[in-house]
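**Student:** Have a look at this one.
Just so it is clear, none of the values below were taken in a lab; they were calculated from the coordinates. These numbers were taken from a predicted model, which means no experiment stands behind them. Glycine gets a Cβ as well: all are built from the backbone with ideal geometry, and neighbour counts include every protein chain shown.
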Amino acid sequence: MEFCVTVLFCSCVILSALLVLLLLLRSYRLGRSHLPPGTYGLPLIGETLQLISAYKSDNPEPFVDSRVSRYGPIFTTHIFGEPTVFSADPDLNRFIMSNEGKLFDCSYPGSISNLLGKHSLLLMKGSLHKRMHSLTMSFANSTIIREHLLLDIDRLIRLNLNSWTDRVLLMEEAKKITFELTMKQLMSFDPCEWTERLKNEYVLLIEGFFSVPIPLFSTTYRRAIMARTRVAEELSWVVRQRRTSCEAGERKNDMLGALLAGGDHFSDEQIVDFLLALLVAGYETTSTIMTLAVKFLTDTPLALAQIKEEHDQIRANKNDPEALVEWNDYKSMKFTQCVVNETLRMANIIGGIFRRTMTDISIKGYTIPKGWKVFASFRAVHLNPDHYKDARTFDPWRWQNNSEAAGSGNVYTPFGGGPRLCPGYELARVVLSVFLHRLVTRFSWVPAEEDKLVFFPTTRTQKRYPIIVRERNLSKSHVRTG
Ligand code: HEM
């Protein structure tokens, strides 16, 4: 017995000594290589658990705040299995984004690549990425939205709102609208039984992005991989049909049409991966921003009253109360644009981006070695009181005086920047604006129950924001006659 206790005691001492040695060695290396200051936390897991538990709470900011006040806006940590340089510095963030493909490369874990498919825009690199990025941009730019997409955006939003009675789960409705819009934009499909079935598979696929990515242990991830196969099969079928009709001279004005008609001769697999990644990139992001804009407005009655007034006025200027939203209407939504900007700033749906250094990088007195992971945090910049007064308060009016809020492009980057700037940035803004227009002019609402923001694994509301809606009675005096 005594022997066992001694052995146990000795093992503990040796293990502790090894642990201390390991930590000393790591901090020695950290000091020598002029890395930004910081802590690595525990071996292997680093500071991942602290990060996750902060983002699971309703106030995640202290995780970054405490490190920024100790080490400054650029610090070293160890998260998700790797030492990582964390940047809360707007200049470094801009430097990272604009040197994409030269000094930094995007890096996704294999589990994400499997879900996206190897030909997705998010995984493409080099000249192919450049070409496909600009093709995607050209399919969601303001001219295309004005001349083609706006009509469908307005129509599909109205169609969905027609079915709203009493209790509505706003996040679910927003997802439905976003999915239908994307199917229309990519492949000219109107909602039907087939798109509904595809959506059900697609939802399983999306869940995979937020699961533990180990097929053996995670049913969600396994299910997502299987759903991906089925979604890809369905999309391949569409691509084959469209290829045949394209060869017969039929051309549709959508993203699939552009991919088939271009001189690139993409394979079916390439096109499927490409379309699928576009569906993924716009789905959770746009639907979340739609839900959170409504939540922020509901919690800020003055802003809600002002936005209602703006949209009632747009309706009042039309002869026909059913008239479509036109480009000029969108352009006249000045306060709405402040609400959109502020929602994107506060919500930070994409909180930041991971990259990997392609070479040793010296910046701001530090050296980040080749192969290291860096995280450019948009959230840390957007919520920093040095850049925004009362940074953690929803204040759409700050955007009325652009000089404060948009003073430097570096401090406002909800859509990223550089060669990987979000190609859907204008589309997302238009969808949100038209949605708000149709919502506030048609309904008034109250939250059905208390719901709060959560931040892990993504920013959203805990209960998908249930609301009780009532049709508004817009007085006839609001509608101009003659
Ligand atoms: C509020 C809505 C949205 C937000 C906040 C958002 C944000 C972002 C951000 C920050 C990036 C940069 C990622 C990186 O640098 O690694 C990005 C990339 C991307 N976004 Fe969006 N996005 C939104 C909506 C959309 C929509 C509607 C589409 C559909 C067209 C879309 C398609 C993409 C694609 C394809 C990329 C990858 C670009 C590339 O790697 O070259 N996004 N988005």
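**Student:** Can you order the peptides 328-334, 285-291 by their average number of other Cβ atoms within 10 Å per residue, highest first?
**Tutor:** Top of the packing list down: 285-291, 328-334.
**Student:** Under a crude label model (7 Å from the Cα following the beta-carbon direction), how far is Leu159 from Asp65 in nanometres?
**Tutor:** My value for the distance between the label points is 4.6 nm.
**Student:** How much of the DSSP beta bridge set in the chain is antiparallel, as a percent to the nearest 5?
**Tutor:** Roughly 85 percent of the DSSP beta bridges within the chain come out antiparallel.
**Student:** Working out 0.36 nm times the residue gap between Glu326 and Glu172, then minus their Cα-Cα distance, what length gain in nm do you get to one decimal?
**Tutor:** 52.8 nm
**Student:** Oh, and also: Under a point-charge model restricted to the Cβ atoms of Lys and Arg (+1) and Asp and Glu (-1), what is the dipole moment magnitude of the stretch 80-478 relative to its Cα centre, in debye to the nearest 20?
**Tutor:** With Lys and Arg at +1 and Asp and Glu at -1, about 460 debye.
**Student:** Additional query: Fewest to most neighbouring Cβ within 10 Å: what's the order for Phe104, Phe80, Phe296?
**Tutor:** Phe80, Phe296, Phe104
**Student:** Would you please state the base-10 log of I(q)/I(0) at q = 0.10, 0.11 1/Å for the stretch 80-478, with intensities from the Debye formula using one equal scatterer on every alpha carbon?
**Tutor:** Results for the stretch 80-478 at q = 0.10, 0.11 Å⁻¹ read -0.71, -0.87.
**Student:** Got a sec? Charge dipole of the stretch 80-478, +1 on Cβ for Lys and Arg, -1 for Asp and Glu; which of His133, Val440, Gly101 is way out at the positive end?
**Tutor:** Selected residue: Gly101.
**Student:** Something else about it: What spacing in nm lies between the two simple spin-label points modelled at Thr359 and Phe210, each 7 Å away from Cα in the Cβ direction?
**Tutor:** Calculated label separation equals 4.0 nm.
**Student:** Below 8 Å between Cα atoms, with a sequence gap of 6+, how large is the relative contact order for the stretch 80-478 in percent?
**Tutor:** It comes to 28 percent, rounded to a whole number.
**Student:** Further question on the same structure: What is the packing order of peptides 181-188, 161-168, 150-157, taking the mean over residues of other C-beta atoms within 10 Å and listing the highest first?
**Tutor:** Top of the packing list down: 181-188, 150-157, 161-168.
**Student:** Same structure again: Bin width 5 Å, origin at 0, all Cα-Cα pairs of the stretch 258-383: what percent of pairs per bin?
**Tutor:** Taking every Cα pair in the stretch 258-383, the percentages come to 2, 8, 11, 12, 12, 12, 12, 12, 9, 6, 2, 1, 0.
**Student:** Moving to a separate point now. In vacuum, with every alpha carbon of the stretch 229-299 counted as one equal point scatterer, what does the Debye formula give for log10 I(q)/I(0) at q = 0.12, 0.15, 0.17 Å⁻¹? Two decimals, please.
**Tutor:** -0.44, -0.59, -0.68
**Student:** Within the chain, which whole H helices from DSSP have a Cα span along their axis of at least 27 Å and a mean Kyte-Doolittle hydropathy of 1.0 or more, if any?
**Tutor:** Span-like helices in the chain: 2-32.
**Student:** Once you have the Cα-Cα distance between Met226 and Asp264, take 0.36 nm times their residue separation minus that, and quote the gain in nm to one decimal.
**Tutor:** Result for the pair: 10.7 nm of gain on full extension.
**Student:** Take peptides 314-321, 268-275 and line them up by average Cβ neighbours within 10 Å, highest first, as a rough protection proxy.
**Tutor:** Result, highest mean Cβ count within 10 Å first: 268-275, 314-321.
**Student:** Convex hull over the Cα atoms of the stretch 323-482, averaged projected area in nm²?
**Tutor:** Mean projected area for the stretch 323-482: 13.2 nm², to one decimal.
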